[in-house]
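The values are calculated or read from the model by the stated rules, or taken from the named source; none is laboratory data. What you are looking at is a predicted structure, and each value in this text was computed from that prediction instead of being measured. FYI the Cβ positions are ideal-geometry reconstructions off the backbone, even for glycines, and counts take in every protein chain you see. We work out accessible area using only protein heavy atoms, side chains counted, and drop any ligands, DNA or RNA first. Shrake-Rupley method; radii C 1.70, N 1.55, O 1.52, S 1.80 Å.
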Amino acid sequence: MSSSRRRFLKTAGIVAGSALLPPGISYATASHAQNDSPSAESPSDYTIRIASTPIEIAPKRIISMTTYNGQFPGPLLRFKEGKQVTIDLYNDTDTPEQLHWHGQLVPVDVDGAAEEGTPYIPAHGKRRICFMPRPSGYRFYHTHNRAGADLSAGQYSGQVGHVYIEPKHEPGNYDREVFLVLKEFEPTFSRGGDMPQDVLSPATKVEALEEKGESAMKASLAKGMPHGYEVGYSSFTINGRMLGHGEPIKVKQGERVLFHVLNGSATEIRSLALPGHTFRVIALDGNPAPNPATVPVLWLGTAERVSAIVAMNHPGVWIMGDTDDDDRRHGMGIIVEYASHATKPLWIAPPESRWDYTKFAQSAATSPLPDETFEMTFAKDNAARDCFNRWTINGVAYPMTSALQPAAFHLREGRRYRVHMRNESDDLHPIHLHRHVFELTNIMGKPTAGVMKDVVMLGGYQELAFDFVANDPGMTLFHCHQQLHMDFGFMTLFDYV
Ligand SMILES: [Cu+2]
């Protein structure tokens, strides 16, 4: 049995045996199959079952949600770089599903996006997929269904799990790893409008973008339109448990703990701090940071991941949590407990700290010039679609039908492209490109290089650019990862010509 498989079975714990493998298949045959070329008859390396499950996020607080293998988060999947995996995806729900391998360079029929042409996992049906996990590092998997106005569907559900692709050589300057997923539950629509958050540095705005966005909003409100719907939540969790109701993270003084943190939210930007400690950020979205830097607070847009080492050198019992008092009080936190300390968990607000991607960039390095630049402007039509905001890219809202759409941008294999994005709205957008990794090359007019990502936060009325090499032919989806934005127009497609 390979170590990745053994670890997976261990992680999956209670459901191992019955749920992971088809009936009548022993572990010995299953692991043997890893070395064979997969066929329709051979057992898979992994089985994931999509089903509706009650999940207890605090004592007697039980939420019915769609999950992977009956648990939240879904099982941690540890793959090995360059070692092919076969996975059986079972869908026990009444809705066709898409399972997206976020951050991986996989083919369209595996990627898990209907817009690219990935086949659905049929309702009460099954799909077998087979792919070479890459690149190494911290990735994740989640549903890619659109939810629209259904707050139990898409990423509002519990369909989120970590993926770790072990590199051939792991530097490993830490004592152990802890995986955390930040996730809200019990969503409701609100009309309040989003509170602007002090997230990004620089905090400056592009005047021309602000003028356009503000005058569009004024015109809409003058016509008697209300603000479009936003989504709020009643409960907040880390690893599926509200603060104080999960297992504490038990640490020893002097230990170096590597935290892999995922923002598994459908719509929210999250922060994370641990009183008396700092985070040494070593990877962003699973890709090594060229310049690891130490920060007091982590900020993550929807679907972003941060890997950071914390030196446990401040004994006590602490609340590691969101810096937003209200969200933390409603559950967004987890207790960190030093050995032989048993005091009441303490929260101390960290110094105000904004997130600056360039802190982790190669200093004085420049990225190669692109072969071509695509200009994109993002705009909001306030309450334009049944009181939901409609989002456009260069004036076009992605249709809400399920029919396949033609690509708006065209790529040639091997060429380097720059995407220059201008945000004509006051909202922050976590922008995601499928099946490729991109390099941040310019933030608010300041060139930068070396930071490789698959999601990047673009601030309200701000601009940024990223570059990517067209190295994974096929339809490629580009979208805002905020569920409410992507469902209401904020998507477009690249194809290879
Ligand atoms: Cu957005």
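Brief remarks on what is shown
- Residues in segment 357-408 that are part of a helix (DSSP H, G or I) and basic (Lys, Arg): LYS359 only.
- Residues (on the phi > 0 side of the Ramachandran plot and exposed (fewer than 11 other Cβ atoms within 10 Å of the Cβ)) located in segment 326-366: SER340, ALA364
- From the list ALA293, ALA289, ALA273, the one residue that fits, being more than 30 Å from PHE488 (Cβ to Cβ) and surrounded by fewer than 19 Cβ atoms within 10 Å (Cβ to Cβ), is ALA293.
- Taken together, the residues in segment 485-497 that are part of a loop (DSSP other than H, G, I, E, B) and buried (at least 24 other Cβ atoms within 10 Å of the Cβ) amount to 3.
- The number of residues in segment 474-497 that are of a type in the set (Asp, Glu) and more than 17 Å from ARG415 (Cα to Cα) comes to 1.
- Matching entry among PRO430, PRO370 (being at pLDDT 95 or above, in contact with a Cys (Cβ under 7 Å, 6 or more places away or on another chain) and of a type outside the set (Asp, Glu)): PRO430
- ASP427 satisfies every condition listed in (1) open to solvent by 10 Å² or more (accessible area, probe 1.4 Å); (2) in a loop (DSSP other than H, G, I, E, B); (3) over 22 Å from ASP285 (Cα atoms); (4) within 16 Å of the ligand (Cβ to nearest atom) except (3).
- Pairs with Cβ under 8 Å, 6+ apart, first in segment 367-383 and open to solvent by less than 40 Å² (accessible area, probe 1.4 Å) and more than 16 Å from the ligand (Cβ to nearest atom), second acidic (Asp, Glu) and part of a strand (DSSP E or B): SER367/GLU439; SER367/ASP467; PRO370/ASP467
- Filter result (closer than 19 Å to THR53 by Cβ and open to solvent by 20 Å² or more (accessible area, probe 1.4 Å)) within segment 74-85: LEU76
- Single residue of segment 296-315 satisfying the filter (in contact with a Ser or Thr (Cβ under 7 Å, 6 or more places away or on another chain) and open to solvent by 10 Å² or more (accessible area, probe 1.4 Å)) that is nearest to VAL437 (Cα to Cα): TRP299
Here is a yes/no grid of residues against (1) closer than 30 Å to GLU170 by Cα; (2) out of contact with any strand residue (DSSP E or B) (no Cβ under 6 Å at 6 or more places or on another chain):
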site: PRO43; (1), (2): yes, yes
site: SER52; (1), (2): no, no
site: GLU56; (1), (2): no, no
site: PRO59; (1), (2): no, yes
site: ILE62; (1), (2): no, no
site: ASN69; (1), (2): yes, no
site: LYS83; (1), (2): yes, yes
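- Pairs with Cβ under 7 Å, 6+ apart, first in segment 203-214 and at pLDDT below 95, second open to solvent by less than 70 Å² (accessible area, probe 1.4 Å) and of a type in the set (Phe, Trp, Tyr): none
- Residues of segment 109-131 that are touching a residue at least 40 places away in the same chain (Cβ under 8 Å) and farther than 16 Å from ILE48 by Cα: ALA113, ALA114, GLU115, GLU116, GLY117.
- Breaking point among (1) outside any strand (DSSP E or B); (2) within 16 Å of the ligand (Cβ to nearest atom), for ALA349: (2)
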